Amino acid sequence: MSADRLLVTTDERGHVSYLLDNRARAAGRRFEAIAELFDASTLRHLDGVGLTAGWRCWEVGAGGPSVVRALGERVGPGGRVLATDIDVSWVGAAAGPTVEVRRHDVAADAPPAEVFDLVHARLVLVHVADRDRALRRMVGALRPGGWLVVEDADPVLQPLSCPDVRGPEEELANAIRTGFRALLAERGADLAYGRKLPRLFREAGLVDVGADAYFPLALPACATLETATIEHVRETLVAAGIATAEQIDRHLDNVARDRLDLAQPPMISAWGRRPSAD
Ligand SMILES: C[S@@+](CC[C@H](N)C(=O)[O-])C[C@H]1O[C@@H](n2cnc3c(N)ncnc32)[C@H](O)[C@@H]1O
């Protein structure tokens, strides 16, 4: 398999298109699997920085509704949640009295004209080509003392779909994952972004910075996410020469028959606070 014919398309603004765009039907299943794998860890981190009733929160690149709903429950009627995404098809379901859903590009569009107690993004900046500008805008939207929590994968730390390679089934899974990563990188993803977050937070002037990592391995939702992701990008994988249709079918069958211990890359969760008095 070779990845020498990677396909890159651009949107109407000339930006490189997001490989896992939300229009595909598989996007909903991807969001559910991501929620099952990562919401508990995400909410532990958000609770850890003090998320509570009355807070004003900005959820950047919200994707699906689960984190936004959890934020809405925690901040209660006296709080506010702004949920933004370049495609709000899935998060729209979370809109309500305390939750506003808005179509917004975190790098290209003007930041919201308000300040927040908490700004959070998960699995977003890794995909955004102008991630430095996006991060600056997120930091700029914090009130003095407000918290930024960014969670991003670091696939270079652990690139394998199946770390326990026993034969051709794991080798096929790992080859497809390698090709998928090449597609993401071709579109501007930084596959070693997660590890950089603590440094980037300090360089942005944040204090009380820390980070940790969570690494799912052989959980049922790893298989759900793998199937939805491969179905999502199947045509692109074939067109780029990364795998044949037959190889993809064989891999999906291996996943469906529960023959693989599938992993996801480590998710780095980083947190930091804008100093109370600048
Ligand atoms: C991998 S999904 C993660 C969704 C969600 N944060 C989660 O963890 O379940 C990435 C999300 O970022 C959104 N996104 C990509 N580029 C963006 C940008 N420039 N501005 C805002 N959202 C963006 C996508 O539309 C998608 O919903």
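Just a few scattered comments:
Residues checked against (1) within 9 Å of the ligand (Cβ to nearest atom); (2) among the aliphatic types (A, V, I, L, M); (3) at pLDDT 95 or above:
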position: 117; (1), (2), (3): no, no, yes
position: 125; (1), (2), (3): yes, yes, yes
position: 139; (1), (2), (3): no, yes, yes
position: 146; (1), (2), (3): no, no, yes
position: 149; (1), (2), (3): no, yes, yes
position: 160; (1), (2), (3): no, yes, yes
position: 167; (1), (2), (3): no, no, yes
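- Residue under evaluation residue 233, criteria (1) surrounded by fewer than 20 Cβ atoms within 10 Å (Cβ to Cβ); (2) at pLDDT below 95, criterion not met: (1)
- Residues of the range 236-266 that turn out to be touching a Ser or Thr at 6+ places or on another chain (Cβ under 7 Å), open to solvent by less than 50 Å² (accessible area, probe 1.4 Å) and farther than 19 Å from residue 29 by Cβ, as a count: 1
- Top-ranked residue of the range 71-86 - restricted to ones that are surrounded by 15 or more Cβ atoms within 10 Å (Cβ to Cβ) and not in a strand (DSSP E or B), ranked as nearest to the ligand (Cβ to nearest atom): 86
- Top-ranked residue in the range 267-278 [being open to solvent by 10 Å² or more (accessible area, probe 1.4 Å) and of a type outside the set (Gly, Ala, Ser); ranked as farthest from residue 163 (Cα to Cα)]: 278
- Total residues in the range 27-69, condition in contact (Cβ under 8 Å) with a residue 24 or more places away in the chain and in a loop (DSSP other than H, G, I, E, B): 11
- Assessment of the range 164-176 against the conditions (within 25 Å of residue 269 (Cβ to Cβ) and either open to solvent by 50 Å² or more (accessible area, probe 1.4 Å) or touching a strand residue (DSSP E or B) at 6+ places or on another chain (Cβ under 6 Å) (or both)) yields no matching residue.
- Every residue from the range 208-226 that is in a helix (DSSP H, G or I) and either open to solvent by 50 Å² or more (accessible area, probe 1.4 Å) or touching a residue at least 60 places away in the same chain (Cβ under 8 Å) (or both): 220, 221, 222, 224, 225, 226
Condition check ((1) aromatic (Phe, Trp, Tyr); (2) within 11 Å of the ligand (Cβ to nearest atom); (3) at pLDDT 65 or above) across all residues:
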{"position": "2", "(1), (2), (3)": "no, no, no"}
{"position": "8", "(1), (2), (3)": "no, no, no"}
{"position": "30", "(1), (2), (3)": "no, yes, yes"}
{"position": "35", "(1), (2), (3)": "no, yes, yes"}
{"position": "44", "(1), (2), (3)": "no, no, yes"}
{"position": "54", "(1), (2), (3)": "no, no, yes"}
{"position": "63", "(1), (2), (3)": "no, yes, yes"}
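- The single condition from (1) under 20 Å from residue 140 (Cα atoms); (2) within 13 Å of the ligand (Cβ to nearest atom); (3) not in a strand (DSSP E or B) that residue 89 fails is (1).
- Qualifying positions in the range 114-143 - farther than 15 Å from residue 104 by Cα and of a type in the set (Lys, Arg): 122, 136, 143
The values are calculated or read from the model by the stated rules, or taken from the named source; none is laboratory data. This structure is a prediction, so every number in the text was calculated from the model and none was measured. Note that each Cβ is placed from the backbone with ideal geometry, even for glycine, and that neighbours are counted across all protein chains shown. For the accessible areas, the whole protein counts, side chains as well, though only heavy atoms, and no ligand, DNA or RNA atoms are used. Shrake-Rupley method; radii C 1.70, N 1.55, O 1.52, S 1.80 Å.
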